[in-house]
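Undergrad: After the C-alpha cells below, expect a handful of questions from me.
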Amino acid sequence: MSGPNTQYDPVEVSALDPAAIDQAVQDALSAIAGATSLDDLKTVRTAHQGDRSPLALANREIGALPPTAKAEAGKRVGQARGRVGGALKQRQAELESERDERILVEEAVDVTMLPGRRPLGRRHPIELMGERIADIMVGLGWEVAEGPEVEAEWFTFDALNFDADHPARQMQDTFYVDPPENGLVLRTHTSPVQARSMLERGAPLYIACIGRVFRTDELDATHMPAFHQIEGLAVDEGLTMADLKGTLDRLATELFGEGIVTRLRPSYFPFTEPSAEMDLRCFVCGGTDPDCRACSGTGWIEWGGCGMVNQNVLRACDVDPEKYTGFAFGMGVDRALMFRTGQSDMREMIEGDVRFNAQFGMEI
Amino acid sequence: MRVPVDWLREYVEIPKQARGADIAAALVKVGLEEEGLHGADLTGPLVVGRVLTQQLEPQKNGKTIGWCTVDVGDANGTGEPQGIVCGAHNFQEGDLVVVALPGSVLPGGFAISARKTYGHVSAGMICAADELGLPDDGSGGIIRLADRLPAHELAPGDDAVPLLGLDRETVEINVTPDRGYCFSMRGVAREYAHSTGASFVDPVVALRDRAPAGNDAGFPVELRDEAPMRGRAGCTRFVARIVRDLDPAATTPDWMATRLTEAGMRPISLPVDITNYVMLALGQPLHAYDLDTVTGPIVVRRARAGETLTTLDDVRRTLYPQDLLITDGGERPLGLAGVMGGQDGELGEGTTAVLVEAARFDPVTIARSARRHRLTTEASRRFERGVDTDLAAAAAQLAVELLVELAGGRADAAVTDLAEPLEPVVIDLDPAAIGRLVGVDYAVDRVTAILDEIGCSIDGSGDLFAVTPPTWRPDLTTWPDLAEEVARIDGYDRIPSVLPAAPGGRGLTTEQEGRRLAANLLAGRGFSQVWSAPFVGEALFDQLGYPADDPRRSTLRIANPLSDEAPLLRTSVLPSVLEVARRNVSRGTKDVALFEHGLVLGGPAGVAPTYDVGVYPGAEAVEQIAAAVPAQPRHLAWAMVGEAEPAGWWGPGRAADWADAVGVVHALAEAFAVEIRVSTGAEAPFHPGRCARVELADGTYLGSAGELHPKVVSALGLSGRPVGGELDLDRLIAASTSPQASGLSNYPSAQSDVALVVDAAVRAADVEAALRRGAGDLLESVTLFDVYEGDQLGEGSRSLAYRLVFRAPERTLRTEEVNDLRDAAVAAAGTATGATQRI
C-alpha cells in the first residue's frame, strides 16, 4: 500500500470537504457490509482503502493544506479512515468464520460407511480359553508347564500307574508311533507333563499343564482326534482332597461365575486314589428341567476327573510318598469353551472356518 | 451295564415307589454314573377294554374308519362305554384291547385327549404295539390282549401298564474299570445298599453253602499252564458240573428272556440263556459244553504256534502262543479261555447233557487275548476287570439249579473243583491316615464300620489294622484304596473346600508370553488363528515340491492312523494352514488370511524303554526315555489367499502379495527386538524367485516367506497367487533381546537422498547393509523409497533410491559433514555391490 506512487496526481479533492469525506465513509461502509465473500471484500478493500481510494487521496491532500487547516482536516480524514479500516477488519473476521464453518460442513462424510479396509484377524477361542485358565492358575501361584506331543509311553502311562495290561490303558484309544515297540505314542492326556515336572523339579510343586492331546476318535459333533486339556498337579506336605476341592471350586468360580455349584463324585483313574469326577450344577436349567439338553436332565454337567495322586505315581517319579501327598485334576478346554459359549458342534472348533473365530472377540 | 430294576429288587430292598431315576441318583453317589434310563416312558390311564360295537364307516378320502364303543369298566369315571374312532380293523366286537384314555401320554410325549374326528367325538385311542413302544407281536396292528395274556384273568378297566410290562425300567450305568464286580446285579445291589443303607443279602452265601464239594467222580480236568504270564498262572480254579436228561424242547421262560433282553443280551437257547443269566446275576462268566461231544479230559493250556480255533462268532482264528485254551484231551481246542467258546463242543438243538464250566482266569491273560483277537465279550470284559475270586462254585450251583428247574435236567453227582491257592491280600492300615488324605476327620470306629460294611475283615487295633478285602474286590490292594472306600461311603459331599496356598511361582515363561505376543500380533494384522490335527500323507510332500532329500520328508508314522491317507506326523505347519485356507475358499470366503502355531516333528526318534508301574527306574533310565522323544519345535505359519485389502466404495482392493507375507517376518522381528537377515531363498513350497530366506544375525535359519510356487498352488487345489510363510517360533522367541535405551538426541536431523544404479542381480538388502556400514554411527535410518528399472538405465540394471537420515547426539550436523557421510556411504555401497550414484 505504501509503494511508490508513480501515478500520483494531486487533485483538489472535495474530500477535504466534510460532506464529501462523510460520503466516502458511507460508501465504504455500505460496500463492506455488502461484501458476501472474502473475494468481494478484497475488491472492496482495494476500492475504499487502497492507494487510489478517495480517503487515501484525501489524506495525501492534507500535506498541501495551510497549517491552520491541517489539524482539522487530518483529524477528520484520520477518523474516517479508522472507521473504514475497523469495518473491514470486522467483516473480514465474519467472512472467515463463515468460510471455516462452511468448509467443515462441506467436508462432512458419512461415517456409517464402515471402511473395514484392513479387517482385524482373530485368536482361536480355544487358545484364548486356555490362556484364561492359565492366568487363573498363575494368579493362584501356580506355574504353567508344557511337554511334547509325541511322548514316551513310559511318561504317558507306566509312570502314571497305567499298567500295560490294565483295561484303563486300552480305554485310552492311543495313537502309537510305528513301530509300537519303540515306546512312543501321541500323548492321550497332558499328564506326562506331570511326570516330567515331578522328575525334573521334585516337590513341592504346583503346576498346570495345558496342551493338545490325541485319541483315535473320528471327527464328529462331539469327538475330535485332537483336543485340548488343562491339568493341575499339586504335590506338597499335607495336601488333602479338601485342598483339591477348594482349588477346583475356585477355578470353577473364576471361569463360570460366582454361585457355581460343584460336586465330587467317586470315580476311578489309575493315577489317582481316591479318585473323583467333578460335576457342575447345570448352568442351563439349574437342575430343574428333566428334558434339559445340556445336562440330559440329570442336573449336573461332567467337568473333569481328579483325585489324590496315586502313591505309585509319586514313587515312579521319585517323590517320597511317606512325606508328600498330591492332588491332580484334568478337564477339556474345548468342553469349557462349549459351556461358556454355547457351542454345540466340536467340528467347528477344528475346521478353521474364519466365520467361527469371527463370532468371538479377542477375549473369551 | 444295563440293570433291569425288577431284577435288582430281587437282591436288595428298594422302596416300592422308587423309580429308575431315584435308583440312578443313589448309585451315582457311590461312583456308578448314570448313562441312561430306559423304559417306563408312558403314563396312563392305559386300561383293558372290551370292544362292544364296531361300525365300519367308509370316508370320502378312501379310508374306512371304525366307530367303536368300548367297555372300560369304571376307568373313565362313568362306567359308560367309551366312544373311540379307530383306523385299524384287525379286531372285532368282543375282543379285549388296550385303551389309552384321555390324559394318558404315550412314548414320544404323545398326549391323548378327546377330540372331534370323522363326525364323532373320539375319547381315547385303541392302541397298537408300536404306539406303546412294544415290539410288534405279528398282529400287524391293534393289540388283541387274548393273544398275549390269559383272557380269563383280564377285566375291562384293569390297569394295562403292569400287564404289558410297560412300567419296567432299566437303569444304565457306567462301571469304572476297578469295579468288575458291578458288572452284576449282585454287585450293583450291594452298591445300592452302600448308598442308601437298604437291606442287602448276598445271594452267593446260600449258593456257596448248597454247592457240593469236588469229588473223585468229577469230570477230569487238568490245569497245564506251562507259560504263566507275568508270573501268574492263567487259570487257578476250574469248577465243572454236569447236568443230564435235559429236555431239548424246553424254552426260555418269558421272565428270563425279558430280563436278558433288558440287560442288553439276546436270548439264544435255554441252556445258553441260563449261563448268561447267571453271569449277569452274579458276575461269573460261565461256559456250557455239549457233554456228548467232549471226551475229556479237559486240559487248560497255552496255545501252540499256528493252532487255529473257530469261535462261536464263526470266525476262524489263528491263535497266539500266549492265548489260554480250553481243550478236549489236550489237543482239540474247545474255546479261547475267558473270551469265547469254540464251535467244537457248542450246544446244539439236540443237546441233552451239558458240562458247565466256572473258572477263575487271570485278568492279564484274558485282557491280552481279547486285545490280540480284537474280541471284547461279556466274559472277557468281566475277567479283565477282575471277577470275585471265590464265586465259581456258587455260580455253577445256580446254573445247575436253573437247568434242573427250567430244563428238566438232573444234576450229576460228579463235581470237579480244582483250585490253586491264591496269595491273600492283607493291607496294613493306620486309620488316621485316611482322614489325613481325605481331609475329613473320621473316627476310628467309623472307618472300621465302613470297611466292615463293604466286606473287609479287620484285625488289630489302635493305629495299625490288618485289613483283608472281600473276594469281590481284587482292586483293593493299598491303604489309599481303602481311603477311597471310606470317603465314598461316608460321602464325598462331606469333604470341605479349602484353597491351598501355593508358594508362588515365576508367572508365565518367556516362551508362553512370546507365543501370546506373536499370536496377538498376527491377529492384529488381520490373520485368523486356526489349529489342525498334525497328520499328513506322503503325497503332500510331493505336492509341496519337497526334493527327495528334504529333511522335512523324514518323519514318524502312526501305527494305527485314522486314515491311511494321512499316517505321518507333520514336519511343517504351513501346509495345514493352506489346507484350511482351501476349505474356507471352497465355502465361499474368497479372501482369507490365516495363521497357526503348533508343534512339528523336528528330529529323529529313539527307542523309549518302559518299566513297571510304581517303580522309579533311576535318573539314567529317565534320561534315556526322554532322549528317545524326538525334538518338536513350535512353528508359526501364515498364509493369505485373495485380497489383502478388500475392494469397496473407496476403490479397488489390493491382492495379497509376497511383501505381505514377508512383512509378517519383519513385524515379528521388530516385536521381539530380534535382528534378522533376509536373503533370496529357493525353498519349497515357494516361488523360487519370490521367496525370502530369513536368518538370525548369527546365521541360524529362522524360516521362509513369500509367494507359493505355482505348481504347489495347483497341486493343493488353490488358485490365484497365495502367499505365506513359516518360521521356528521357539528360535525367534529365544533370540528375543532386551535392548538398552540409548537416549534420544533433540538436535535436528539432516537427510540426504541418493539414487544408486546396481546390477539387477544385486539384492537391496546388501546395498542397504553397505550404506549403513559406510555411513557410520551418525546414520539414523535408511529407507528405500523408490525402485526404477527402465530404458534410461539399460538392460540388467536398476536404480534404488535411498533416503539417509543423519543425526548427532550432541550437536547440529553441518551440511558438509552430511555430504561427507553420504559420500562415504555411497562409496561403501560401490565397493560392496558395484553401485554407482545416479546423477
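Undergrad: In a Debye calculation with equal point scatterers on the alpha-carbon sites of the range B:46-163 and no solvent, what is log10 I(q)/I(0) at q = 0.12, 0.15, 0.19, 0.23 Å⁻¹?
TA: Values, matching the q order: -0.39, -0.61, -1.02, -1.51.
Undergrad: Note the angle between two axes, namely the Cα long axis of helix B:510-524 and the longest principal axis of the Cα atoms of chain B, as a number of degrees from 0 to 90, rounded to the nearest 10.
TA: Its long axis makes an angle of about 80 degrees.
Undergrad: Based on the Cα atoms of the range B:158-267, what semi-axes does the equivalent ellipsoid have, where each is the square root of 5 times one gyration tensor eigenvalue, given in whole Å with the largest first?
TA: Each semi-axis is √(5λ); the values are 34, 24, 16 Å.
Undergrad: Turning to a different aspect of this structure: With a 1.4 Å probe and all protein chains left in place, how much accessible area per residue does chain B have, in Å²?
TA: Spelled out: the 1.4 Å probe surface of chain B, per residue, equals 44 Å².
Undergrad: Would you mind computing, in nm to one decimal, how far apart the modelled labels at residue A:318 and residue B:343 are, each placed 7 Å from Cα along Cα→Cβ?
TA: 5.7
Undergrad: What's the local net charge at residue B:465, with K and R +1, D and E -1, over the other residues with C-beta under 9 Å away?
TA: Net charge in that neighbourhood comes out at -4.
Undergrad: Please list, by residue number, everything in the range B:737-770 whose backbone N is under 11 Å from a paramagnetic label point 7 Å out along Cα→Cβ of residue B:801.
TA: Counting only backbone N, you get B:753-756.
Undergrad: Under 10 Å from the Cβ of residue B:319, count the other residues' Cβ atoms, weight Lys and Arg +1, Asp and Glu -1, and hand me the total.
TA: Neighbourhood net charge equals +2.
Undergrad: Averaged per residue, what accessible surface does the range A:215-256 expose to a 1.4 Å probe, in Å²?
TA: It amounts to 31 Å² per residue over the range A:215-256.
Undergrad: Let me ask you something else. On average, how many beta carbons from a partner chain sit within 10 Å of the beta carbon of a residue in B:28-38?
TA: Per residue, the average neighbour count from other chains is 4.
Undergrad: To one decimal place, what orientation-averaged projected area in nm² is obtained for the convex hull of the Cα set of chain B?
TA: The directionally averaged projection comes out at 58.3 nm².
Undergrad: Follow-up question, since we're still on this one. How far is helix B:574-586 tilted off the main Cα axis of chain B, in degrees rounded to 10, range 0 to 90?
TA: Approximately 70 degrees, to the nearest 10.
Undergrad: On to the next question. Short version: which residues of the range A:266-288 lose at least 50 Å² of accessible area, all chains versus chain alone, 1.4 Å probe?
TA: A:266, A:268, A:273, A:274
Undergrad: Determine the calculated [θ] at 222 nm for chain A from helices alone, applying -39500 (n - 2.57) to every DSSP H run no shorter than 4 residues and normalising by the residue count; nearest 500 deg cm²/dmol.
TA: -13000 deg cm²/dmol
Undergrad: In the range A:311-330, which residues become less accessible by 50 Å² or more once every protein chain is in place, relative to the chain on its own, using a 1.4 Å probe?
TA: A:311
Undergrad: On average, how many beta carbons from a partner chain sit within 10 Å of the beta carbon of a residue in B:509-516?
TA: 3
Undergrad: Kindly point out, ordered by number, any Cys in chain A whose beta-carbon has no other cysteine beta-carbon under 4.7 Å away.
TA: So far as the 4.7 Å Cβ criterion goes, A:209, A:306, A:317 stand without a partner in chain A.
Undergrad: Residue-wise, which Karplus ³J(HN,Hα) couplings in Hz belong to the range B:62-69, taking 6.51 cos²θ - 1.76 cosθ + 1.60, θ = phi - 60°, and x for glycine or proline?
TA: These are the phi-based 3J(HN,Hα) values: x, 7, 10, 9, x, 9, 10, 10 Hz.
Undergrad: I would also like to ask the following. Tabulate in residue order the Karplus-calculated ³J(HN,Hα) for the range B:474-486, using 6.51 cos²θ - 1.76 cosθ + 1.60 with θ = phi - 60°, rounded to whole Hz; enter x for Gly and Pro.
TA: x, 6, 8, 10, 10, 5, x, 4, 5, 4, 5, 4, 4
Undergrad: Can you return the lysines within cross-link range of residue B:590? Criterion is Cα-Cα under 27 Å, with same-chain partners fewer than 8 residues away left out.
TA: Partners found: B:711.
Undergrad: What are the semi-axes of the equivalent ellipsoid for the range B:427-492, taken as the square roots of 5 times the Cα gyration tensor eigenvalues, largest first, in whole Å?
TA: 16, 13, 10
Undergrad: By the scheme Lys and Arg +1, Asp and Glu -1, what is the net charge of all other residues having a beta-carbon under 12 Å from that of residue B:600?
TA: Taking every other residue near residue B:600 into account, the sum is -2.
Undergrad: Round to the nearest 10 and give me the degree value, 0 to 90, for the angle of helix B:20-29's Cα axis relative to the longest principal axis of chain B.
TA: Approximately 60 degrees, to the nearest ten.
Undergrad: Kirkwood hydrodynamic radius, the range A:125-358, all distinct C-alpha pairs: what's the number in Å?
TA: This gives a value of 18.3 Å.
Undergrad: Sticking with this one: Need the list of lysines near residue B:16 for cross-linking: C-alpha distance under 21 angstrom, and skip anything on the same chain fewer than eight residues off.
TA: Cross-link targets: B:29.
Undergrad: Any idea how far apart residue B:52 and residue B:554 come out in nm if each label point goes 7 Å out from Cα toward Cβ?
TA: 9.3
Undergrad: Measuring from label point to label point, each 7 Å out along Cα→Cβ, what is the residue B:711 to residue B:765 span in nm?
TA: Distance between the two pseudo-spin positions: 2.5 nm.
Undergrad: Counting pairs of Cα atoms in the protein assembly as shown, how many percent are more than 60 Å apart?
TA: 38
Undergrad: How much length is gained on full extension from residue A:90 to residue A:164, taking 0.36 nm per residue of separation minus their Cα-Cα distance?
TA: Value of the extension gain: 16.8 nm.
Undergrad: Other chains near B:479-489: what is the mean number of their Cβ atoms within 10 Å of each residue's Cβ?
TA: 5
Undergrad: Determine the calculated [θ] at 222 nm for chain B from helices alone, applying -39500 (n - 2.57) to every DSSP H run no shorter than 4 residues and normalising by the residue count; nearest 500 deg cm²/dmol.
TA: -8000 deg cm²/dmol
Undergrad: Next up: Show me the ranking of peptides B:714-727, A:344-357 by mean Cβ neighbours inside 10 Å, starting with the highest.
TA: Put in order of decreasing packing, that is B:714-727, A:344-357.
Undergrad: Moving on to the next point. I want to make sure I understand the PRE zone here: with the label point 7 angstrom from the Cα of residue B:789 toward its beta carbon, which residues in the range B:628-672 have backbone N atoms less than 20 Å away?
TA: Residues B:655-663 fall inside that zone.
Undergrad: Another question, then. What is the packing order of peptides B:312-321, B:282-291, A:26-35, taking the mean over residues of other C-beta atoms within 10 Å and listing the highest first?
TA: Averaged packing, sorted descending, gives the order B:282-291, A:26-35, B:312-321.
Undergrad: Enter the buried accessible area of the B/A pair, total of both sides, probe 1.4 Å, in Å² rounded to the nearest 100.
TA: So the total buried area for this chain pair works out to about 8700 Å².
Undergrad: Which lysines have a Cα less than 22 Å from the Cα of residue B:60, not counting those fewer than 8 places away in the same chain?
TA: B:116
Undergrad: Highest first, please rank the peptides B:508-520, A:267-279, B:483-495 by the mean number of other Cβ atoms sitting within 10 Å of their residues.
TA: A:267-279, B:483-495, B:508-520
Undergrad: If you roll a 1.4 Å probe over the protein assembly as shown with all protein chains in place, what percent of the accessible area is carbon or sulfur?
TA: 50
The values are calculated or read from the model by the stated rules, or taken from the named source; none is laboratory data. Fair warning: this is a prediction, and the values are worked out from it, not measured in the lab. So basically every Cβ, Gly included, is an ideal-geometry build from the backbone, and we count neighbours across all protein chains shown. In case anyone asks, the SASA skips ligands and DNA or RNA and just uses the protein heavy atoms, side chains included. Shrake-Rupley method; radii C 1.70, N 1.55, O 1.52, S 1.80 Å.
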